[in-house]
Amino acid sequence: MQQHTAPRTQYLLVALLFAVSVFAWCAVHRAQSTSAHSHDKPHIVCTTGMIADAARAIGGSHIHVTCLMGPGIDPHLYRACEGDVHRLASADCVLYNGLHLEGKMAHMLAAMNRYVPTVAVTDTMPRERLQAPPDFPDSHDPHVWLDVTLWLYAVQRIGDQLSIIDPKHADYYTQNMHHYCEQLRAIDTYIRTRVRSLPKHRRILVTAHDAFGYFGTAYGFRVVGLQGISTESEAGTRDMHALVDFLVTNKIPAMFVESSVPQRAIEAVQHAARARGWDVAIGPELFSDALGNPDSPEATYLGMVKHNIDAIVDALKQCKL
């Protein structure tokens, strides 16, 4: 027993010393940064592209935004690097999703609040509207941005926080926030219009991982994911057989891959369904956990949402049954 206890104790001590040294460095760096850049624009560090896009839309030219997780990055698996610690420590405000989306960074973000205002944009969302995933019943599904009406709460949280850290431009931020919210309501209406063009029996969305729960609830889709809410665990053989049975039995015309999730598992399901006599197509790539590449329409939240609904409806309309 002692042989196992000693290495564990040593490991914990090393981890503790590392954490202390990192945050001591953060405190010093933060003080130096504040002194050197006291007259610059507020520096806002955001974990995901969806948050960064909202911050840019609201803050405009009065803020500088840095996004840690770029296109194609899976936030469930993301680990902070040394450069991220520099960026976080030099920020005037850190905006993150919360609800355990940034699982590998959760402890760092919690500790960072001692030195930098660190805000979860989901904090003000009505708890009764948050979903508890079957595989994590004591947690909440973090993919709230896929319901535009829920994401409105995050946008308002971001606008309020910018006004707090930069009250001189509060009116500007408030005006931009209201304008952006109008755009969100317009895209929500667009989604509902497109969904109405799809017969109800075809509103079944099969994806690589179960990120579209809020989308399904908001817009009337049954959502089936090969993996659970998090992408940390690989889909098992039983999961794949169950999904193949579902596709064949219900004659689902298309399923979808996601920009931040490897395609190989969905391709394996497609081959297995074909072996059972049902040719299910792989539809256009959807954006679930990250925005698209820079300079593409999907590089913005509004563009991403429009792409997703157009891809889903157009692919599912191909069914001739």
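Values computed for the structure shown
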quantity	calculated
Qualifying positions in region 126-149 - crowded, with 21+ Cβ neighbours inside 10 Å and in contact with a helix residue (DSSP H, G or I) (Cβ under 7 Å, 6 or more places away or on another chain)	Asp141, His143, Val144, Trp145, Leu146, Asp147, Val148
Residue satisfying condition, being touching a helix residue (DSSP H, G or I) at 6+ places or on another chain (Cβ under 9 Å), more than 20 Å from Thr217 (Cα to Cα), without any contact (Cβ under 8 Å) to a residue 60 or more places away in the chain and not in a loop (DSSP other than H, G, I, E, B), within set Gln156, Gln183	Gln156
Checking Gly72 against (1) in contact with a helix residue (DSSP H, G or I) (Cβ under 7 Å, 6 or more places away or on another chain); (2) closer than 22 Å to Asp295 by Cβ, the condition it does not meet	(1)
Count of residues meeting criterion [touching a residue at least 24 places away in the same chain (Cβ under 8 Å), in a loop (DSSP other than H, G, I, E, B), within 28 Å of Leu226 (Cβ to Cβ) and not aliphatic (A, V, I, L, M)] in region 118-153	12
Of residues in region 104-121 being out of contact with any helix residue (DSSP H, G or I) (no Cβ under 7 Å at 6 or more places or on another chain) and surrounded by 15 or more Cβ atoms within 10 Å (Cβ to Cβ), the one farthest from Gly49 (Cα to Cα)	Met108
Residues within region 272-298 that are buried (at least 17 other Cβ atoms within 10 Å of the Cβ) and either without any contact (Cβ under 8 Å) to a residue 12 or more places away in the chain or within 17 Å of Ile73 (Cα to Cα) (or both), tallied	9
In region 274-321, the residues that are at pLDDT 95 or above, more than 24 Å from Cys67 (Cβ to Cβ) and among the β-branched types (Val, Ile, Thr)	Ile312, Val313
Pick from region 178-207, criterion touching a Ser or Thr at 6+ places or on another chain (Cβ under 9 Å) and crowded, with 16+ Cβ neighbours inside 10 Å, ranking: modelled with the lowest pLDDT	Thr207
Output for region 248-262, where each listed residue is in a helix (DSSP H, G or I) and either touching a strand residue (DSSP E or B) at 6+ places or on another chain (Cβ under 7 Å) or free of Cβ contacts under 8 Å to residues at least 24 places away in the same chain (or both)	Thr249, Asn250
Residue within region 251-260 that is in the same structural domain as Ile204 (by TED's automatic domain parsing), surrounded by fewer than 16 Cβ atoms within 10 Å (Cβ to Cβ) and over 30 Å from Gln183 (Cβ atoms) present	yes
Odd one out for Ala211 among (1) outside any loop (DSSP other than H, G, I, E, B); (2) in contact with a Ser or Thr (Cβ under 9 Å, 6 or more places away or on another chain); (3) crowded, with 18+ Cβ neighbours inside 10 Å; (4) hydrophobic (A, V, I, L, M, F, W, C)	(1)
Among residues of region 263-287, those that are in a helix (DSSP H, G or I), of a type outside the set (A, V, I, L, M) and either within 30 Å of the chain's Cα centre (by Cα) or within 16 Å of Gly225 (Cα to Cα) (or both), counted	4
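Okay, residues lined up against (1) polar (S, T, N, Q); (2) assigned to a loop (DSSP other than H, G, I, E, B); (3) closer than 24 Å to Asp171 by Cα; (4) modelled with pLDDT of 95 or more:
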position: Gln32; (1), (2), (3), (4): yes, no, no, no
position: Ser38; (1), (2), (3), (4): yes, yes, yes, no
position: Ala54; (1), (2), (3), (4): no, no, yes, yes
position: Ala57; (1), (2), (3), (4): no, no, yes, yes
position: Ser61; (1), (2), (3), (4): yes, no, yes, yes
position: Thr66; (1), (2), (3), (4): yes, no, yes, yes
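The values are calculated or read from the model by the stated rules, or taken from the named source; none is laboratory data. Computed from a predicted model, the values in this text were never measured in an experiment. Counting neighbours? That spans all protein chains shown, and the Cβs are built from the backbone with ideal geometry, glycine included.
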